[in-house]
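The values are calculated or read from the model by the stated rules, or taken from the named source; none is laboratory data. Being a predicted model, the structure only gives us computed values, none of them experimental. Neighbour counts are summed over all protein chains in view; Cβ atoms, including those assigned to glycine, are modelled from backbone coordinates with ideal geometry.
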Amino acid sequence: MSYGVAMALQAAVYQRLLAHPALAGLVGTAIYDALPTGILPPIYVAIGPETARDRSDKTGRGAEHEFTVSVVTEASGFATAKAAAAAVSDALVDAPLVLARGRLVALNFYRAVAARIGAGDQRQIDLIFRARVEDA
């Protein structure tokens, strides 16, 4: 197994989300690898936790990365969050990401969890994706 492609995969996912017009129309540039200090915008996207599993075989080293992209909004109801979550999914599923290291074999949606956060209007949708990568 190699975890060497992890940083390249995350960077490519981040750049893809920043460059996606439909997502930009909903959240602007509020797409984070690490949340900034201070007041957050009313809607934002954050790249979250990741789990990697060995998927090496006799042809080479590889891994499956299961990672979370969260959409968080202060809007009441889930409509705003779901619109942004759909744009995230549209941006990433089967995206032709070019990695600085290794090669993306596949990028697929796995599942999502939508939840109300706390007692207020805040909503969060965690989208989980699976990426299969090969390390050169």
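Of the residues that sit in the stretch 65-86 and are in contact with a Lys or Arg (Cβ under 6 Å, 6 or more places away or on another chain) and crowded, with 16+ Cβ neighbours inside 10 Å, which one is farthest from VAL27 (Cα to Cα)?
PHE78
Does the stretch 93-116 include one or more residues that are at pLDDT 95 or above, more than 19 Å from ALA6 (Cα to Cα) and not in a strand (DSSP E or B)?
No, the stretch 93-116 contains no residue that is at pLDDT 95 or above, more than 19 Å from ALA6 (Cα to Cα) and not in a strand (DSSP E or B).
Just to be sure, is GLY120 modelled with pLDDT under 95 and closer than 21 Å to ALA8 by Cα?
Taking the combined requirement at face value, the residue does not satisfy it.
When you check LEU23 against the structure, is it within 18 Å of GLU134 (Cβ to Cβ) and modelled with pLDDT of 95 or more, yes or no?
When the stated conditions are applied, LEU23 does not pass them.
Out of all the residues in the stretch 87-136, which are among the basic types (Lys, Arg), over 11 Å from the mean Cα position of the chain (by Cα) and surrounded by fewer than 17 Cβ atoms within 10 Å (Cβ to Cβ)?
ARG101, ARG103, ARG111, ARG116, ARG132
What residue, of ALA131, ALA85, is out of contact with any Gly (no Cβ under 9 Å at 6 or more places or on another chain) and either free of Cβ contacts under 8 Å to residues at least 40 places away in the same chain or assigned to a strand (DSSP E or B) (or both)?
Exactly one residue qualifies, and that residue is ALA131.
Given the criterion in a strand (DSSP E or B) and either of a type in the set (S, T, N, Q) or at negative phi (or both), identify the matching residue among THR29, THR68, THR80, THR37.
THR68
Are any of the residues in the stretch 20-35 surrounded by fewer than 19 Cβ atoms within 10 Å (Cβ to Cβ), in contact with a helix residue (DSSP H, G or I) (Cβ under 6 Å, 6 or more places away or on another chain) and free of Cβ contacts under 8 Å to residues at least 60 places away in the same chain?
There is at least one residue in the stretch 20-35 that is surrounded by fewer than 19 Cβ atoms within 10 Å (Cβ to Cβ), in contact with a helix residue (DSSP H, G or I) (Cβ under 6 Å, 6 or more places away or on another chain) and free of Cβ contacts under 8 Å to residues at least 60 places away in the same chain.
Within the set of pairs 6+ apart or on separate chains, which have a first residue in the stretch 91-105 that is in contact (Cβ under 8 Å) with a residue 40 or more places away in the chain, a second that is in a loop (DSSP other than H, G, I, E, B) and crowded, with 17+ Cβ neighbours inside 10 Å, and C-beta atoms under 6 Å apart?
ALA91/HIS20; ARG101/VAL5; GLY102/VAL5; LEU104/LEU97
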